[in-house]
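Here is the structure we will look at, set down as structure tokens.
What follows draws every value from the coordinates through simple rules; no lab data is involved. Predicted model only: the values in this text are computed from it and were never measured. Cβ atoms come from the backbone with ideal geometry, glycine included; neighbour counts cover every protein chain shown.
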Amino acid sequence: MNETLVTVVGNVATQPDYREATNGSAVSRFRLAATVRRWDRGREEWSDAYTSFYTVRAWRTLAANVVASVTIGEPVIVQGKLRIQDQERDGKRWLSAEIDAVSIGHDLTRGTSAFRRVSPARPLPVEPVRMAGARADAMVPPGTKGVAPDHPPAVAGAEGAGAVGVGAIGVTGVAVGATPL
């Protein structure tokens, strides 16, 4: 219960990889480089001191979002549980620092970022239901008209007029005279 929570600001040093753990959970891993910078009074400029490297692991949804959002060299802020491991390889003793991430985001003091919300996939009804006389664009939520979805419609032929189902905009239609699903 007494785990060490840390927040580390640094740059992504390796491309995040994505795998499934033995328990079926998604896991992503990358190396994070955090360089200490100090003000050099003699030269009147900032200078780099030493760099610490951490192996960052992200699980489940965070793992998928990291792989889709983060690349080498980008500045990030990582918050999570610090774990120091003592290992021996080829007769040499190694210490490694790992962070089990709870949250990862771009460091906005060094650039900008565009956020896209990820919604969980929802299953389609057994048969897509069409609303009598309805147009597909009439079912678009306010403020999203003209915005292209991030993925194709979930129902074959749903891009045509009158098609309604659980798809890119997450709307379920009900045919006239039918009971709601």
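Residue 30 meets all of the listed conditions (1) more than 13 Å from residue 12 (Cα to Cα); (2) under 25 Å from the mean Cα position of the chain (by Cα) but one, namely (1). Screening residue 88 with (1) surrounded by 10 or more Cβ atoms within 10 Å (Cβ to Cβ); (2) without any contact (Cβ under 8 Å) to a residue 12 or more places away in the chain gives one miss only, at (1). For the stretch 91-103, taking the residues that are assigned to a strand (DSSP E or B) and small (Gly, Ala, Ser), the one that is surrounded by the most Cβ atoms within 10 Å (Cβ to Cβ) is identified as 101. If you go through the stretch 21-36 and pick out every residue that is part of a loop (DSSP other than H, G, I, E, B) and either in contact with a Gly (Cβ under 6 Å, 6 or more places away or on another chain) or of a type outside the set (Ser, Thr, Tyr) (or both), you end up with 3.
Residues in the stretch 60-85 that are under 17 Å from residue 5 (Cβ atoms) and loosely packed, with under 14 Cβ neighbours inside 10 Å: 84 only.
Table: residues versus (1) farther than 22 Å from residue 115 by Cα; (2) loosely packed, with under 12 Cβ neighbours inside 10 Å; (3) basic (Lys, Arg); (4) free of Cβ contacts under 8 Å to residues at least 12 places away in the same chain.
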{"residue": "29", "(1), (2), (3), (4)": "no, no, yes, no"}
{"residue": "36", "(1), (2), (3), (4)": "yes, yes, no, no"}
{"residue": "42", "(1), (2), (3), (4)": "yes, yes, no, yes"}
{"residue": "58", "(1), (2), (3), (4)": "no, no, no, no"}
